[in-house]
1. Name the residue, out of B:Ala141, B:Ala132, that is farther than 27 Å from B:Met256 by Cα and outside any loop (DSSP other than H, G, I, E, B).
2. Within the range B:239-270, which residues are of a type in the set (S, T, N, Q) and crowded, with 21+ Cβ neighbours inside 10 Å?
3. Here are the criteria: (1) within 11 Å of chain B (Cβ to nearest Cβ); (2) closer than 29 Å to B:Leu330 by Cα; (3) part of a helix (DSSP H, G or I). Tell me which single one A:Met17 does not satisfy.
4. Within the range B:310-322, how many residues turn out to be within 8 Å of another protein chain (Cβ to nearest Cβ) and crowded, with 20+ Cβ neighbours inside 10 Å?
5. Going by what's in this entry, would B:Gly69 be described as in a helix (DSSP H, G or I) and surrounded by fewer than 20 Cβ atoms within 10 Å (Cβ to Cβ)?
6. For residues that are within 16 Å of A:Glu115 (Cβ to Cβ) and among the β-branched types (Val, Ile, Thr), tally how many sit in the range A:193-221.
7. Has the range B:263-283 got any residue that is aromatic (Phe, Trp, Tyr), in contact with a strand residue (DSSP E or B) (Cβ under 7 Å, 6 or more places away or on another chain) and modelled with pLDDT under 95?
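The values are calculated or read from the model by the stated rules, or taken from the named source; none is laboratory data. Nothing here was measured: the structure is a model prediction, and the numbers come from that model. Here the Cβ positions follow ideal geometry from the backbone for every residue, glycine too, while neighbour counts run over all protein chains shown.
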Amino acid sequence: MIDGYNFGYLDEATKRMIRRALLKAVCIPGHQVPFGAREMPLPYGWGTGGIQVTASVLGPDDVLKVIDQGADDTTNAVSIRRFFGRVAGVATTESTPEATIIQTRHRIPETPLREGQILVYQVPMPEPLFKLEPRVAETTRLHAMAEYGLMQVKLYEDIARQGEVATSYNHPVMVNHRYLMSPSPIPAFDNPKMHMNAGLQLFGAGREKRIYAVPPYTHVQSLDFEDHPFKPVRAPYACAICGSEESYLDEVITDDRGGRMHVCSDTDYCASRPPV
Amino acid sequence: MYVSVKGGETAIGHAHAWLAEARRGETALPEIDTAQIEQQLALAVDRVMAEGACADRGLAALALKQARGDSTEAAFLLRAYRTTLPRFGYSLPLDTGAMAIQRRISSTYKDLPGGQVLGPTFDYTHRLLDFALAAEGLAPAAPAEAAQGAERMPQVTAILAQEGLMAPDAPSNAEPPDLTREPLAFPANRALRLQAMARGDEGFLLGLGYSTQRGYGNAHPFVGEIRMGEVTVEIEPPELGFAIDIGDMVVTECQMVNQFAGTESAPPQFTRGYGLVVGQNERKAMAMSLVDRALRAPELGEEATSPAQSPEFVLYHCDNVESTGFVEHLKLPHYVDFQSELEKIRAIRARWFAEREA
């Protein structure tokens, strides 16, 4: 562990402040809680919110997994895992079942979470309405009044213009029948995994200085219409490595003549299955 | 076969070793010293210090060296260091009226008590490259020292205020807000706006300030005064009950004088746009004072229609460490989301073609 820094980088008073915000967030599922996000030694937009949340809930006995795009070995995941190795010295793992805390960017692991596990999402824009209403003072009011007509109209217009909803990732969800929430830019494919999940889901947005949460076994509904139900998107292939027809796939370009293959985005899930 | 991004850890290690080599440059040349940076690239150091929100010239010089001269990266380094420091409290308001003046000019009065002091300025230099500087030169001749007047230089806005021509800004003993501890919230009071701008990006504020002069915001500014020099920083620890001097620092202050038509309850008078920047940075102090005045539109009953008049627009976007992080995060992998977009656009295209064939 690196000298001169507190366990987990943040000082204890800051961690306490963040944990208070987390408790509030858990009590009001889907509600964005402002918090005094600190400047971190990693850039804004690269996971500072998630890192602060992880640092605040991390203990010496925790086992940490960090993924980006579903993979443990993407450069930013490596960088964040190394950061916690340096400032907390905790055990790390690539195995979803072995981890007690999983910090993620853009994916929910394929292996279902169990009770007691914490999934920490890195969130770039916590406000689900920001493309429709950029003024934070105004969106705060809309949330207070549960006035989400703007988003319903946007989805309706997508369907009217191009036959289906245009959002393929970061598809907004209603949490506990009350708050409209950004699931962070996970593919719509992952949205159903949030619903009644056994794990605790925490969301940290460092630059925007907001924290929110989905407690275990909470109702999470992807916004849709009765006659146009929500449709998760997945490439219609089997993984070229493990043969999975259920997992989310990355498309890999293999040559410049249109050759391509599809492989699991979740590298741990893929490696845990027998190869084809 | 599929190798993907395996080996990320090794790649990062190699990249950082390359960075260290590139930073050092040609080893036949002597390595630059942080003290040289601090002395000879003083304005770059000042900019980093202001945007890094940490008044320490030595650390700012180190940050510049480590960042290969990239001022935004250097400010980021300084911020990430600063955030680990404990906060003991806040200082008493700086008395810029008691500044040890290095520069002081007014564009509203030809002469005034204390006089006009040009100081070390680029103004009125001809921007001709000085090739003599490229050769190792002798130290420039010391300028003739003017007789040091102990005369206190009153602020121009205070002179206007005596006549009732300058709208007073109410003094406050409230604890100042601190956006490094509490997230921005709106409406943001003026102290918070000024704090955000003082550490904000010079280029962003310059562009916004400029926009108010070109019709995006109703600006009619005069430079009442710009002053730059050392001020004393004092704190008053509660257990002592009196102020103690903790050091001096150079700041640049700009007070813009602006027209105000008056309302039913307020007589026509001038209003102030205020800019204060750590170190010597007149461009930023001036731009800041233009934007400060523009942001006062609602308070003065003016219609707010331009970006510089929108507190959310200005404050959420003036921080270059936040801006650069989020802009540059686009280079992180996004292939999961892009894959969803691919499937989505293929589906929509298939429907588009099917409709036209039917």
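1. Working: B:Ala141 fails: outside any loop (DSSP other than H, G, I, E, B).
Answer to the check: B:Ala132.
2. Just the residues of the range B:239-270 that are of a type in the set (S, T, N, Q), to begin with: B:252, B:255, B:258-259, B:263, B:265, B:269.
Within the range B:239-270, B:Thr252, B:Gln255, B:Asn258 qualify.
3. So A:Met17 meets the others, but not (2).
4. Of the residues in that region, 2 qualify.
5. no
6. Within the range A:193-221, the first condition is being within 16 Å of A:Glu115 (Cβ to Cβ), and the residues that meet it are A:193-202, A:213-218.
Those left that are additionally among the β-branched types (Val, Ile, Thr): A:214, A:218.
The total comes to 2.
7. Within the range B:263-283, the first condition is being aromatic (Phe, Trp, Tyr), and the residues that meet it are B:270, B:274.
With in contact with a strand residue (DSSP E or B) (Cβ under 7 Å, 6 or more places away or on another chain) added as a condition, the list becomes B:270, B:274.
Narrowing the set further to residues that are modelled with pLDDT under 95 leaves B:270.
Looking through the range B:263-283, at least one residue is aromatic (Phe, Trp, Tyr), in contact with a strand residue (DSSP E or B) (Cβ under 7 Å, 6 or more places away or on another chain) and modelled with pLDDT under 95.
Quick grid of which residues meet (1) exposed (fewer than 10 other Cβ atoms within 10 Å of the Cβ); (2) of a type outside the set (S, T, N, Q); (3) in the same structural domain as B:Asp245 (by TED's automatic domain parsing); (4) touching a Leu at 6+ places or on another chain (Cβ under 7 Å):
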position: B:Ala100; (1), (2), (3), (4): no, yes, yes, no
position: B:Arg104; (1), (2), (3), (4): no, yes, yes, no
position: B:Tyr109; (1), (2), (3), (4): no, yes, yes, no
position: B:Ala134; (1), (2), (3), (4): yes, yes, no, no
position: B:Pro154; (1), (2), (3), (4): no, yes, yes, no
position: B:Thr157; (1), (2), (3), (4): no, no, yes, no
position: B:Glu163; (1), (2), (3), (4): yes, yes, yes, no
position: B:Met166; (1), (2), (3), (4): no, yes, yes, yes
position: B:Gly207; (1), (2), (3), (4): no, yes, yes, no
